[in-house]
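Engineer: Take a look at the following structure, please.
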Amino acid sequence: MSAQKKTRGKILHATTVIALLAGSAYLTVELRQEQQAKAPAVQAVTDTPDLKSSGSANLGEQRWERLKSPDRSVLRGENGQVLATFTDGARTATLTGPSRTFTEPANTKSRVVTENWVRLMPEVWTKGAEKERWFKEWFKEYFGSEEDDLFAYGFQYVDQAPVKKDDEGVAYAGDADFGPINPEGSEGADLRLEQSDFYDYLGIPYTFRDGTTLQPESMRSRSMDCSGFIRTVFGYRARYPLRASDQSGDGLPRTANGMARSDLGADIIELKGKAPFERPASIDVLQPGDLVFFKLDARTKERLDHVGIYLGHDTDGHKIFLSSREEVNGPTIGDKGGTSRLDGNGYYAKTLRSAKRL
């Protein structure tokens with residue numbers, strides 16, 4: 001090969017590498033070198049299942065453990081490491097898998113590097129469910145899987161997230177707004193209107209389980225407020241049942257207050273005291289995927305008025321959450337209007353009031 005051809009080859013290789021590194025600015029998935037190999041299929045789940053990690057190393061014998069506060073079942077590996085956690089009364093499960101890095105460069109320098117994959121199980125967890133057929137089939141499919149989970153869904157709506165369309169051409173993901181500008185905005189009033197739900201973002205009518213059909217408003221196209229974002233991620237994308245409103249019924253209510261006060265899932269941090277309610281003495285019980293609820297606005301009186309998804313720790317050791325906010329105009333882990341930290345004495349840390357595991 002001539003020197004000229006070798007030089008062209010090196011230039012082409014370097015250009016390709018640079019192009020690959022520049023992609024996916026809003027979400028990157030960093031797999032550890034030893035985890036590159038695809039996880040082998042899980043044949044069965046028993047009290048001592050024969051599982052392997054998402055890498056090549058055999059984890060050896062596993063064991064199930066029951067813990068309290070909240071009541072839950074934990075699957076541990078041979079060295080005591082947590083492989084998965086399942087909470088009584090909840091459908092969300094946290095599985096250990098390949099490491100990922102979530103970022104939002106447009107609004108924060110914070111980076112969340114996590115091995116937690118949060119998924120929705122087909123049934124509510126109860127003690128001993130590891131022996132049930134439905135669980136064995138579900139766990140076989142999803143332990144070690146790199147298929148999009150709740151975290152991946154959530155970051156598909158942050159700033160600069162690319163548009164994704166289904167087979168019918170409906171844009172079901174992509175950079176979302178919080179809501180339209182408030183036409184009656186004045187000093188002390190909200191800059192943007194709330195009440196934008198997932199069907200507003202999608203721009204299509206939606207019929208709920210009770211037969212109620214709601215129509216999207218064109219001015220709310222590509223928008224979702226804080227609870228609308230949760231309903232998009234857990235409901236429209238992960239298929240958790242949804243209610244048309246906060247009224248009694250089967251499914252996730254429309255508002256943050258309705259979600260927090262519903263009997264769905266497991267209450268991880270209970271709401272205490274009178275409005276504006278008490279700040280939790282400790283938040284160590286939080287687990288990635290939990291819904292976190294806030295009391296931000298005195299005008300809402302006894303209503304909780306904001307909700308987000310707890311992600312875990314960022315690389316600086318802070319507890320980070322993801323939510324849709326008017327300050328950033330959409331889903332964010334950003335710093336505008338208050339950093340997305342639940343620890344310390346920042347804006348959201350001071351206004352956190354309760355948490356639920358769906």
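Per-residue answers, yes or no, for (1) under 14 Å from MET224 (Cβ atoms); (2) small (Gly, Ala, Ser); (3) in contact (Cβ under 8 Å) with a residue 40 or more places away in the chain:
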position	(1), (2), (3)
VAL113	no, no, yes
TRP138	no, no, no
GLU147	no, no, no
LYS165	no, no, no
ASP197	yes, no, yes
THR207	no, no, no
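Engineer: Same structure again: In this structure, is ASP314 at pLDDT below 95 and over 24 Å from PHE277 (Cβ atoms)?
Structural biologist: For ASP314, the condition - at pLDDT below 95 and over 24 Å from PHE277 (Cβ atoms) - is not met.
Engineer: Ok, one more. Buried (at least 20 other Cβ atoms within 10 Å of the Cβ), closer than 18 Å to VAL112 by Cα, of a type outside the set (Phe, Trp, Tyr) and touching a residue at least 12 places away in the same chain (Cβ under 8 Å): which single residue out of ARG341, ARG325, ARG353, ARG357 fits that description?
Structural biologist: ARG341
Engineer: Checking THR315 against (1) hydroxyl-bearing (Ser, Thr, Tyr); (2) surrounded by fewer than 16 Cβ atoms within 10 Å (Cβ to Cβ); (3) assigned to a helix (DSSP H, G or I), only one condition comes out false. Which one?
Structural biologist: Of (1) hydroxyl-bearing (Ser, Thr, Tyr); (2) surrounded by fewer than 16 Cβ atoms within 10 Å (Cβ to Cβ); (3) assigned to a helix (DSSP H, G or I), only one is false for THR315: (3).
Engineer: Within the stretch 76-89, does at least one residue satisfy the condition of being in a loop (DSSP other than H, G, I, E, B) and crowded, with 21+ Cβ neighbours inside 10 Å? Reasoning before the result, please.
Structural biologist: Initially, the stretch 76-89 is screened for residues in a loop (DSSP other than H, G, I, E, B), giving 77-81, 88-89.
After this cut, where a residue has to be crowded, with 21+ Cβ neighbours inside 10 Å as well, the list is none.
Within the stretch 76-89, none of the residues are in a loop (DSSP other than H, G, I, E, B) and crowded, with 21+ Cβ neighbours inside 10 Å.
Engineer: Would you confirm whether or not the stretch 214-232 contains a residue that is free of Cβ contacts under 8 Å to residues at least 12 places away in the same chain and surrounded by 13 or more Cβ atoms within 10 Å (Cβ to Cβ)?
Structural biologist: The answer is no; no qualifying residue exists.
Engineer: Please specify each residue of the stretch 233-252 satisfying the condition of being in contact (Cβ under 8 Å) with a residue 24 or more places away in the chain, surrounded by fewer than 20 Cβ atoms within 10 Å (Cβ to Cβ) and of a type in the set (D, E, K, R).
Structural biologist: ARG239, ASP250
Engineer: Inspect the stretch 330-347 for any residue being under 27 Å from LYS68 (Cα atoms), in contact with a Cys (Cβ under 8 Å, 6 or more places away or on another chain) and in a strand (DSSP E or B) and give the result as yes or no.
Structural biologist: So far as the stretch 330-347 goes, no, none of its residues is under 27 Å from LYS68 (Cα atoms), in contact with a Cys (Cβ under 8 Å, 6 or more places away or on another chain) and in a strand (DSSP E or B).
Engineer: From ILE181, ILE268, which residue is closer than 24 Å to LEU150 by Cβ, among the hydrophobic types (A, V, I, L, M, F, W, C) and touching a strand residue (DSSP E or B) at 6+ places or on another chain (Cβ under 7 Å)?
Structural biologist: Checking each option against the conditions leaves just ILE268.
Engineer: Can you tell me how many residues in the stretch 224-251 are on the phi < 0 side of the Ramachandran plot and either out of contact with any Gly (no Cβ under 6 Å at 6 or more places or on another chain) or among the polar types (S, T, N, Q) (or both)?
Structural biologist: 19
Engineer: Let me ask something else. Looking at the stretch 278-292, which of its residues are in a loop (DSSP other than H, G, I, E, B) and either among the basic types (Lys, Arg) or buried (at least 18 other Cβ atoms within 10 Å of the Cβ) (or both)? Break it down into steps so the answer makes sense when it comes.
Structural biologist: From the stretch 278-292, those in a loop (DSSP other than H, G, I, E, B) are 278-290; that's our starting set.
Correct list: ARG279, PRO280, ILE283, LEU286, GLN287, PRO288, GLY289, ASP290.
Engineer: Just to verify a result, which residue in the stretch 246-274, among those that are hydroxyl-bearing (Ser, Thr, Tyr) and out of contact with any helix residue (DSSP H, G or I) (no Cβ under 8 Å at 6 or more places or on another chain), is modelled with the highest pLDDT?
Structural biologist: If we take residues in the stretch 246-274 being hydroxyl-bearing (Ser, Thr, Tyr) and out of contact with any helix residue (DSSP H, G or I) (no Cβ under 8 Å at 6 or more places or on another chain), then SER262 is modelled with the highest pLDDT.
Engineer: I'm trying to understand the selection: among the residues of the stretch 252-277, which are in a loop (DSSP other than H, G, I, E, B), under 18 Å from the mean Cα position of the chain (by Cα) and not hydroxyl-bearing (Ser, Thr, Tyr)?
Structural biologist: PRO253, ARG254, LEU264, GLY265
Engineer: Of the residues that make up the stretch 216-223, is at least one acidic (Asp, Glu) and in contact with a Gly (Cβ under 9 Å, 6 or more places away or on another chain)?
Structural biologist: Among the residues of the stretch 216-223, not one is acidic (Asp, Glu) and in contact with a Gly (Cβ under 9 Å, 6 or more places away or on another chain), which makes the answer no.
Engineer: Is there a residue being under 18 Å from the mean Cα position of the chain (by Cα), among the aliphatic types (A, V, I, L, M) and over 19 Å from ILE333 (Cβ atoms) anywhere in the stretch 217-224?
Structural biologist: Scanning the stretch 217-224, I find no residue that is under 18 Å from the mean Cα position of the chain (by Cα), among the aliphatic types (A, V, I, L, M) and over 19 Å from ILE333 (Cβ atoms), so the answer is no.
Engineer: Okay, moving on. Examine the stretch 95-111 for a residue that is surrounded by 20 or more Cβ atoms within 10 Å (Cβ to Cβ), modelled with pLDDT of 95 or more, assigned to a strand (DSSP E or B) and touching a Pro at 6+ places or on another chain (Cβ under 7 Å), and state whether such a residue exists.
Structural biologist: no
Engineer: All but one of (1) within 29 Å of GLN287 (Cα to Cα); (2) polar (S, T, N, Q); (3) touching a Ser or Thr at 6+ places or on another chain (Cβ under 6 Å) hold for THR207; state the number of the condition that does not hold.
Structural biologist: Only one criterion is unmet by THR207, namely (1).
The values are calculated or read from the model by the stated rules, or taken from the named source; none is laboratory data. Nothing here was measured: the structure is a model prediction, and the numbers come from that model. FYI the Cβ positions are ideal-geometry reconstructions off the backbone, even for glycines, and counts take in every protein chain you see.
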